[in-house]
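Working notes, structure below.
Rule-based calculations on the coordinates, nothing more; no lab input. Please read all numbers here as calculations on a predicted model, not as lab measurements. Counting neighbours? That spans all protein chains shown, and the Cβs are built from the backbone with ideal geometry, glycine included.
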Amino acid sequence: MLRFKNLGSGSAGNATVVEARCGAQVSRLLIDCGLSVKELSKRLAQADLTLEDLDAVFVTHEHADHIGHTQQLAKRTALPVWMSRGTALASGVLEWGLPSDKLLLVKDGQTLTLGSLQLQPFTVPHDAREPLQLRCSDGASSLGVLTDLGHGSDHVVQALQACQALLLECNHDSELLAQSAYPPFLKKRIAGPLGHLSNSESAQLASALNHSGLNLLVAAHLSERNNRPDMAQSVLSLALGCGIDDIPVADPLEGTPWYTVQ
């Protein structure tokens, strides 16, 4: 059985737990650690988990809302930390003093195994040194985690074909962003091909990934200033031909409930 729970999604900090069960074996991966260890522990407790229940941490890229508290977590728990070489170089992880067996440098197209979890990282177009997002599977079902990218490249679409569930960035509404008080350079960066997905771009990507077996799409990484949950839900529901209420939204502070991928 494969399931996941987002613990928080947005500029205040990102973290998602993915869990696979096979008989008595349970494997749990934390994707990103943009939350303090204290706050992470609190949100894990709400999911009936503790830090000791985690088996590894996968960092998607070096931006602070994704990697910000990973060093603190790694030193407190001795959890293995996985990321790309580019992310490690850009963030100074090689200077953290982690034991060699606790830092695994991974790359696009590699298949990783964590107990009952199979992981396939893939590169995405984003303004980071070597950003990776993840396809997670228990061998029967697959979850695509895609929270920071500027556009849905062919490589991204290929990497996430036939997933039963998606955690998909819907960062901003283009008009709200254009009318916002953000400085021009920031608007350009966010809306650019290496920035973040608009609602309409997320919908286009969702359409490209839609198939008869896709039964869950969770909207994530919504801008608190330049988007609204109902706007993202409306565009995505039109793209997938479902009801607005069929598109849950990850809350910046509370994340999501547990969702089973099937």
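Each Lys and Arg adds +1 at its Cβ and each Asp and Glu adds -1 at its Cβ; summed about the Cα centre, region 92-193 shows a dipole of about 120 debye. Ordering 185, 58 from the fewest to the most neighbouring beta carbons within 10 Å gives 185, 58. Within region 2-261, how many Lys pairs that are eight or more residues apart, or on different chains, come under 26 Å at the alpha-carbon? Number of lysine pairs found: 11. Around the amide H of residue 114, modelled in the peptide plane, lie the amide H atoms of 119, all under 5 Å away and 5 or more residues distant in sequence or on another chain. Rounded to whole numbers, the Karplus 3J(HN,Hα) couplings from phi for region 4-20 are 8, 9, 7, 9, x, 9, x, 5, 7, x, 10, 6, 9, 9, 10, 10, 10 Hz, using 6.51 cos²θ - 1.76 cosθ + 1.60 with θ = phi - 60°, and x at Gly and Pro. Taken over the C-alpha atoms, region 13-96 has Rg and Dmax values of 12.6, 39 angstrom. Per-residue Karplus couplings for region 156-169, computed as 6.51 cos²θ - 1.76 cosθ + 1.60 with θ equal to phi - 60°, are listed in order as 5, 4, 5, 5, 10, 4, 6, 6, 7, 8, 9, 10, 10, 4 Hz, Gly and Pro entered as x. Sorting the segments 94-103, 214-223 by their mean number of nearby beta carbons within 10 angstrom, highest to lowest, gives 214-223, 94-103.
Among the DSSP beta bridges whose two residues both lie in the chain, what percent are antiparallel, rounded to the nearest 5? Roughly 60 percent of the beta bridges in the chain run antiparallel, per DSSP. Taking amide H positions as modeled 1.01 Å from N, with prolines and chain starts lacking one, the residues under 5 Å from residue 251 and 5 or more places away or on another chain are 256. Shown in residue order for region 248-253 are the 3J(HN,Hα) couplings computed by the Karplus curve 6.51 cos²θ - 1.76 cosθ + 1.60 at θ = phi - 60°: x, 10, 6, 7, x, 9 Hz (x for Gly and Pro). The local environment of residue 11, defined by Cβ-Cβ distances under 14 Å, has a net charge of -4 under the rule Lys, Arg +1 and Asp, Glu -1.
A dipole drawn for region 2-261 from +1 and -1 charges on Cβ atoms has a positive end, and of 164, 64, 256 the residue lying farthest that way is 64. Look at the alpha carbon pairs under 8 Å that are at least 6 residues apart: their mean separation over the length of the chain gives a relative contact order of 20 percent. The H on the amide N of residue 261, modeled in the peptide plane, is under 5 Å from the matching H of 2, 3, 4, each at least 5 residues off or on a different chain. Considering only 73, 123, 41, and ranking their Cα positions along the charge dipole of the chain that arises from unit charges at the beta-carbon of Lys, Arg, Asp and Glu, the one farthest toward the positive end is 73.
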